[in-house]
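Structure first, then comments.
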């Protein structure tokens, strides 16, 4: 096997050594670190844990002077595993490439890190391993997440029943909610229709979520100020800019690491969103809906201020 092929299929530390150049470098490495997680773009990968194997090499800035056996003067191995765990816990991802970019970027936030090699492999998809390897330095690392300038206020999350959505005064009710000055996120349940049924729990979860999203578009059609959004990034932007959002839950619920239970009602899903968004209050505009209980204050609002 040629040196080039050996470097391609060997541990990333061989790649790091081959690209080091004349200047000697200090390195730390993590070998064959295996975790179980739900990840993948294919439908058959949803709802199932699979093993990922990580191999990471970090070129580090040489310490100035003796280390004096002081752990605070080095890049701890724990920071590498913590970077992996933090990104796995942040949200469900479809692509290994995205995960590798985020892990590399998080590691490069450490002051001692100069360059990082990240290899991630799926061990359960085929008889061998499917994977991706990237190399990133301080100059080309991607930011961890797009940031919206300024600090957004905490929103109020309001769950509207079908009677409230169909009410002739729905726009007046939205006027009253906007008048409070608190950013507004509206949520709803499915329309009063018979939904298709599936023996598959995951398939039924999607059917139920899509039914909610259909009704979200009905609500948006009642008032032009209401914008249907499905991602945390869009919600954060809308909160900061005073837009009225109507939540389409499929993406956030299905991609969440700590997702609501599959049997959660529509109002419980909305209350989960309130917790994710750090809402100031959760209001229910539905006579028959139970009030969820938790850390976010919740109440029924028959008449809005």
- Message: It is to be established whether one or more residues within the range 250-265 are over 25 Å from residue 199 (Cα atoms), at pLDDT 90 or above and either out of contact with any strand residue (DSSP E or B) (no Cβ under 6 Å at 6 or more places or on another chain) or buried (at least 17 other Cβ atoms within 10 Å of the Cβ) (or both).
- Response: no
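Out of everything in the range 23-45 that is under 30 Å from residue 202 (Cβ atoms) and at pLDDT 90 or above, what residue ends up being surrounded by the fewest Cβ atoms within 10 Å (Cβ to Cβ)?
So the first thing to find is which residues in the range 23-45 are under 30 Å from residue 202 (Cβ atoms), and the list is 33-45.
From what's left, at pLDDT 90 or above: 33-39.
Working: 33: 14, 34: 10, 35: 14, 36: 13, 37: 17, 38: 17, 39: 21.
Residue satisfying both the conditions and the ranking: 34.
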- Of the residues 155, 168, which is loosely packed, with under 14 Cβ neighbours inside 10 Å, closer than 30 Å to residue 211 by Cα and modelled with pLDDT of 90 or more? 168
- Taking the range 235-252 and keeping only residues that are within 16 Å of the chain's Cα centre (by Cα) and part of a helix (DSSP H, G or I), one is left with 235, 236, 237, 250, 251, 252
- Item | Matching option when the condition is assigned by TED's automatic domain parsing to the domain that holds residue 160, assigned to a helix (DSSP H, G or I) and surrounded by 15 or more Cβ atoms within 10 Å (Cβ to Cβ), among 219, 283 | 219
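Go over the candidates 207, 178, 212 one by one and state the one that is more than 30 Å from residue 46 (Cβ to Cβ) and either assigned by TED's automatic domain parsing to the domain that holds residue 287 or assigned to a strand (DSSP E or B) (or both).
The unique qualifying residue is 178.
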- Query: Residues of the range 262-287 being without any contact (Cβ under 8 Å) to a residue 12 or more places away in the chain and under 14 Å from residue 250 (Cα atoms), which ones?
  - Reply: 264
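Here is a yes/no grid of residues against (1) in a loop (DSSP other than H, G, I, E, B); (2) under 23 Å from residue 286 (Cα atoms):
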{"residue": "254", "(1), (2)": "no, no"}
{"residue": "258", "(1), (2)": "yes, no"}
{"residue": "264", "(1), (2)": "yes, yes"}
{"residue": "270", "(1), (2)": "no, yes"}
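Inspect all residues belonging to the range 73-89 and state whether any of them is surrounded by fewer than 17 Cβ atoms within 10 Å (Cβ to Cβ), at pLDDT below 90 and more than 20 Å from residue 26 (Cβ to Cβ). First the steps, then the outcome.
From the range 73-89, those surrounded by fewer than 17 Cβ atoms within 10 Å (Cβ to Cβ) are 73-74, 76-78, 81-82, 85-86, 89; that's our starting set.
Remaining after also requiring at pLDDT below 90: 73-74, 76-78, 89.
When the remaining residues are screened for being more than 20 Å from residue 26 (Cβ to Cβ), the result is 89.
Yes: the range 73-89 contains one or more residues that are surrounded by fewer than 17 Cβ atoms within 10 Å (Cβ to Cβ), at pLDDT below 90 and more than 20 Å from residue 26 (Cβ to Cβ).
The values are calculated or read from the model by the stated rules, or taken from the named source; none is laboratory data. Small disclaimer: the values here were computed from a predicted structure and weren't measured. Virtual Cβ from ideal backbone geometry, glycine too; neighbours counted across all protein chains shown.
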